[in-house]
Amino acid sequence: MRRLSTLRTSLIASLVLVFACAVFVSTAGAETKAEREARMKWWREARFGMFVHWGLYSGLAGTWKEKPVGTRGGMEWIQQRVRADTWEYAHEAVPHFRPTPGFAKEWAELAKEAGCRYVVFTTKHHDGFCLFDSEYTTYDAHDLVGRDLCKEITDAIRAEGLKVGYYHSVIDWHHPQYDYFKADQLPHPLKGKPSPNGARNHDIYVNYLHRQARELFSNYGRVDIIWWDYSKKGNDGPFWRSDELMAMARSLQPAIISNNRLYHIPHIEKDDSVDRLRTWKPEQGDFTTPEQTIPSTGIPGVDWEVCMTMNTTWGYSVHDEAWKSNETLIHNLVDIVSKGGNYLLNIGPKGDGSIPQESIDAMQAIGRWMATNGEAIHETTASPFEKPAWGRYTAEPGRIYAHVFDWPSDGKLTVPLKGKPVTKAYLLADASRKALKTQAGPSGVTIQVPSRAPDPIASVIAIEY
Ligand code: GLC
C-alpha cells in the first residue's frame, strides 16, 4: 500500500515536473515581437562595436620558430597554419604571453574614445586557451598567469559604460576529446593524422563546452552578447546541442543577444548575396554575421553585423602591414550604418595586451570623426533613399543625415526629399549649427553648401523636415 502510494506520488511528481518543463520550454521559446524589439534595442542603436582577438597566438605575432608564417590572413590560426599540437604550440607561445597590469583599461578607453558602444572579445578562440578561470581545464589564464583575464576585461569594459560581448569558439584544438574526425567540416591542426590519444568522444567535449559556457554566463555578471564561432553544415546546431545551450544561456542571461554561428548559416564565405543572408532565422541567433564583406544593400527585417579587421588578421601579427586607411574605416562605418547594419571593428593586441600603434591611431581618428558626427551614426536607421554617388544617408524620425564623401564642386547638394518641407539643414561640423540655404524642386531639396568640405573624409549635413 505504502509502496503503491509512494509510486503514485512520484508518478504525479514526475508528471508535474514534465509539465513544468514543457511550459518553461514553450514560454522560453515564445518571445513576443515586442519583447524581442525591446531586447534588441540597445544593439540596434549602438551601430558600432570593437572586436578584440587576443590569446596565446598574440604573443607569437605571426612568427613560428623565428620564421614569419605569412604576411596575410588570420594569425589567430597560427597553430593550424603550422600544424602543431597543443604541447608544441603552448611551448612556443606561453613565454610570449605576458599581460601587463591594466592593459584592459586601455582597450576599454580606446573603444569608448572611438565611439563604440560595445566590445566583444575572445574568451576562447579555436586554440582552446581560455581567458576565463575554468574549473574544467588548466589550459586557462588563471593557471598560466594567475589572473582571471576575462574578469579584468569584463570589468574594464563595464567601467566605461560599454556593453560586454563574449566571443566563444565551439571549435577546440586543445581538448583531447574534441573529435576532429566527426567535426570534419571544421579546421583542426591534426586533421589527416591519427589521434595521439586514441579514440575521441565527442559527447565529452560537448559537455565541456556546455559547462564552460555556464561558467561564462554565471561568473561575470551581465553578459550582453554571446558571439559563437563557428558551425558548418554537417557540424551545425544539433552537433553542439545548440538549442539546449541557448536555453541555458537565456535562463542565466535573459537579455542576452546571440549571433548566428552556433547554427549553420552561410557566414564565412565572402558572399555578398542578400538572399543568402536572408536565410537567417531568428531562432538561430539574433543577428547574422557577414565577415570581411559589406552586403551591397541592406536586409530589411534582418539584424546584421559586419565584422572586419583593420589589416588582414584578427590575431596580432607583426608581419601584416596591410592597414586600411582611416578613410576606408570611416567610409565602411557609414556605408554599413546607411544599410541598417552594425560594424564590429577588430583590434589584435600583442602578447602583453598592448594595442598596436596603427590600431590606436585608427580608433582615435574614428573617435575624432565620431565626436563631431556620432549623432549621424548612433540611434540611426537605414537610408530611405538609393545610395547617392557622392556618399551615403542615414536616418532618424524627422531627420536625414547626408554623409558627403565627395564634396560637390558647384556647392549644391540635392537630396530626394519630396513633399516634406525642410525646416533646417546644417553641417554637424559647424558648432553654431547655422542654417544652410535650401530650395525645394522637382527632384527634391537642394542645399547650398560651403565651397570647401569641412572634413575631407566625410562631412555630415543634418536635414530636418
Ligand atoms: C572566423 C575565423 C576566426 C575569426 C572569426 C571572426 O570564423 O575562424 O579566426 O575569429 O572568423 O569573425
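The values are calculated or read from the model by the stated rules, or taken from the named source; none is laboratory data. Here the structure is a predicted model, which means the values were calculated and not measured. Using ideal geometry, Cβ is built from the backbone for each residue, glycine included, and neighbour counts are taken over all protein chains shown. Remember, those area values only see protein heavy atoms, side chains included, never the ligands or the DNA or RNA. Shrake-Rupley method; radii C 1.70, N 1.55, O 1.52, S 1.80 Å.
Can we say residue 392 is surrounded by fewer than 16 Cβ atoms within 10 Å (Cβ to Cβ) and among the charged types (D, E, K, R)? Walk me through it before giving the result.
Working: surrounded by fewer than 16 Cβ atoms within 10 Å (Cβ to Cβ): no; among the charged types (D, E, K, R): yes.
The answer is no for residue 392.
Report, by residue number, each residue of the stretch 97-150 that is more than 30 Å from residue 364 (Cα to Cα), part of a loop (DSSP other than H, G, I, E, B) and away from the ligand (no atom under 16 Å from the Cβ).
133, 134, 135, 136, 137, 138, 139, 146
Take the stretch 156-180 and flag every residue that is over 16 Å from residue 126 (Cα atoms) and either more than 16 Å from the ligand (Cβ to nearest atom) or acidic (Asp, Glu) (or both).
Taking the stretch 156-180 and keeping what is over 16 Å from residue 126 (Cα atoms), we get 156-165.
156, 157, 158, 159, 160, 161, 162, 163, 164 - these are the residues of the stretch 156-180 that are over 16 Å from residue 126 (Cα atoms) and either more than 16 Å from the ligand (Cβ to nearest atom) or acidic (Asp, Glu) (or both).
Of the numbered conditions (1) open to solvent by less than 50 Å² (accessible area, probe 1.4 Å); (2) within 15 Å of residue 311 (Cα to Cα), residue 40 fails exactly one; give the number of that condition.
(2)
Identify all residues within the stretch 411-447 that are within 23 Å of residue 331 (Cα to Cα) and either assigned to a strand (DSSP E or B) or not hydrophobic (A, V, I, L, M, F, W, C) (or both); write none if there are none.
Once the filter is applied, which keeps residues that are within 23 Å of residue 331 (Cα to Cα) and either assigned to a strand (DSSP E or B) or not hydrophobic (A, V, I, L, M, F, W, C) (or both), the stretch 411-447 yields 411, 412, 413, 414, 415, 416, 425, 426, 427, 430, 447.
How many residues does the stretch 218-263 contain that are open to solvent by 10 Å² or more (accessible area, probe 1.4 Å) and without any contact (Cβ under 8 Å) to a residue 40 or more places away in the chain?
Going through the stretch 218-263 one residue at a time, the tally reaches 11.
Output the residue which, of all residues in the stretch 227-268 that are in a loop (DSSP other than H, G, I, E, B) and either outside the structural domain of residue 282 (by TED's automatic domain parsing) or of a type in the set (Gly, Ala, Ser) (or both), is nearest to the ligand (Cβ to nearest atom).
The initial filter retains those residues of the stretch 227-268 that are in a loop (DSSP other than H, G, I, E, B), namely 230-231, 233-234, 236, 241, 253-256, 260-268.
Imposing the further condition that a residue be either outside the structural domain of residue 282 (by TED's automatic domain parsing) or of a type in the set (Gly, Ala, Ser) (or both) reduces the set to 231, 234, 255.
Working: 231: 10, 234: 16, 255: 23 Å.
Ranking the candidates gives 231 first.
Given the residues 375, 379, which is the only one that is over 19 Å from the mean Cα position of the chain (by Cα) and acidic (Asp, Glu)? Break it down stepwise before answering.
On the way: 379 fails: over 19 Å from the mean Cα position of the chain (by Cα).
Only one candidate passes the filter, namely 375.
Among the listed residues 38, 46, 84, identify the single one that is at pLDDT 95 or above and in contact with a Pro (Cβ under 9 Å, 6 or more places away or on another chain).
Numbers: 38 fails: in contact with a Pro (Cβ under 9 Å, 6 or more places away or on another chain); 46 fails: in contact with a Pro (Cβ under 9 Å, 6 or more places away or on another chain).
The conditions single out 84.
Considering only residues that are β-branched (Val, Ile, Thr) and within 16 Å of the ligand (Cβ to nearest atom), which ones fall in the stretch 67-95?
As a first pass, look at the stretch 67-95 and keep what is β-branched (Val, Ile, Thr): 69, 71, 78, 82, 86, 94.
Listed by number, the residues that qualify are 69, 78, 82.
Only residues that are of a type in the set (Gly, Ala, Ser) and open to solvent by 20 Å² or more (accessible area, probe 1.4 Å): list them for the stretch 45-58, please. Please lay out each step first, then the result.
Applying the first criterion (of a type in the set (Gly, Ala, Ser)) to the stretch 45-58 yields 46, 49, 55, 58.
Within the stretch 45-58, no residue meets the criteria.
So, in the stretch 204-256, exactly how many residues are of a type in the set (D, E, K, R) and at pLDDT below 95? Reasoning before the result, please.
Step one: of the stretch 204-256, the residues of a type in the set (D, E, K, R) are 211, 214-215, 222, 224, 229, 232-233, 236, 241, 243-244, 250.
Those still in the list that are at pLDDT below 95 too: 232-233, 236.
Going through the stretch 204-256 one residue at a time, the tally reaches 3.
Would you confirm whether any residue within the stretch 192-205 is of a type in the set (Ser, Thr, Tyr), open to solvent by less than 10 Å² (accessible area, probe 1.4 Å) and not in a loop (DSSP other than H, G, I, E, B)? Write out each step before concluding.
Just the residues of the stretch 192-205 that are of a type in the set (Ser, Thr, Tyr), to begin with: 195, 205.
This time we only want the ones that are open to solvent by less than 10 Å² (accessible area, probe 1.4 Å), so: 205.
Those still in the list that are not in a loop (DSSP other than H, G, I, E, B) too: 205.
Yes.
What are the pairs, 6+ residues apart or on separate chains, where a residue within the stretch 164-175 that is of a type in the set (Asp, Glu) has its Cβ under 8 Å from a residue that is within 13 Å of the ligand (Cβ to nearest atom) and in a strand (DSSP E or B)?
Pairs that qualify, where the first residue is of a type in the set (Asp, Glu) and the partner is within 13 Å of the ligand (Cβ to nearest atom) and in a strand (DSSP E or B), are 172/124.
Can you find a residue in the stretch 297-306 that is open to solvent by 10 Å² or more (accessible area, probe 1.4 Å), under 24 Å from residue 355 (Cβ atoms), assigned by TED's automatic domain parsing to the domain that holds residue 363 and touching a helix residue (DSSP H, G or I) at 6+ places or on another chain (Cβ under 8 Å)? Walk me through it before giving the result.
As a first pass, look at the stretch 297-306 and keep what is open to solvent by 10 Å² or more (accessible area, probe 1.4 Å): 297-298, 300-303.
Checking the rest, the ones that are also under 24 Å from residue 355 (Cβ atoms) come to none.
No.
So in the stretch 413-465, with the set limited to residues that are touching a residue at least 40 places away in the same chain (Cβ under 8 Å) and of a type in the set (Ser, Thr, Tyr), which one is least open to solvent (accessible area, probe 1.4 Å)?
459
List pairs: first in the stretch 373-388 and within 19 Å of residue 407 (Cβ to Cβ), second open to solvent by 30 Å² or more (accessible area, probe 1.4 Å) and of a type in the set (S, T, N, Q), Cβ under 9 Å, 6+ apart or cross-chain?
387/297; 388/414
If the Cβ limit is 6 Å and pairs must be 6+ apart or interchain, which residue in the stretch 61-82 that is more than 14 Å from residue 348 (Cα to Cα) pairs with which residue that is of a type in the set (D, E, K, R)?
Every condition considered, the pairs that remain are 69/81; 71/320; 79/127.
Just to be sure before I move on: is residue 52 within 16 Å of the ligand (Cβ to nearest atom), within 30 Å of residue 281 (Cα to Cα) and at pLDDT 95 or above in the structure I sent?
Details: within 16 Å of the ligand (Cβ to nearest atom): yes; within 30 Å of residue 281 (Cα to Cα): yes; at pLDDT 95 or above: yes.
Spelling it out, residue 52 is indeed within 16 Å of the ligand (Cβ to nearest atom), within 30 Å of residue 281 (Cα to Cα) and at pLDDT 95 or above.
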